[in-house]
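Read-outs throughout are calculated quantities, based only on the coordinates presented, and are distinct from any laboratory measurement. These numbers come from a predicted model, not from an experiment. Virtual Cβ from ideal backbone geometry, glycine too; neighbours counted across all protein chains shown.
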Amino acid sequence: CLTVDGQTLEDQTVTLRDRDSLEQCRIPLDDCLAELRQRIG
């Protein structure tokens, strides 16, 4: 899950949440596609 929120507007990051582990991390908006490709496989 990718979440765009108020912080995204401030620092150009989004929250990425893993469906299975529910682990969350902030990643740069520009890295979203590469990060999703890596995790999906």
For GLU23, what is the net charge nearby, where nearby means another residue's Cβ is under 14 Å from its Cβ and Lys, Arg count +1, Asp, Glu -1?
-> +1
Which whole-number percent is the relative contact order of the chain (Cα, under 8 Å, 6+ apart)?
-> 29
Separation of the ARG19 and GLN7 label points, Cα + 7 Å toward Cβ, nm = 2.3
Just one of (1) -0.44, -0.48, -0.52, -1.00; (2) -0.28, -0.32, -0.36, -1.07; (3) -0.33, -0.37, -0.42, -1.11 is log10 I(q)/I(0) by the Debye sum over Cα atoms at q = 0.15, 0.16, 0.17, 0.31 Å⁻¹ as worked out from the coordinates here. Which one is it?
-> (3)
All other residues with a Cβ under 15 Å from the Cβ of THR13 taken together, and with Lys, Arg as +1 and Asp, Glu as -1, what is their net charge?
-> -4
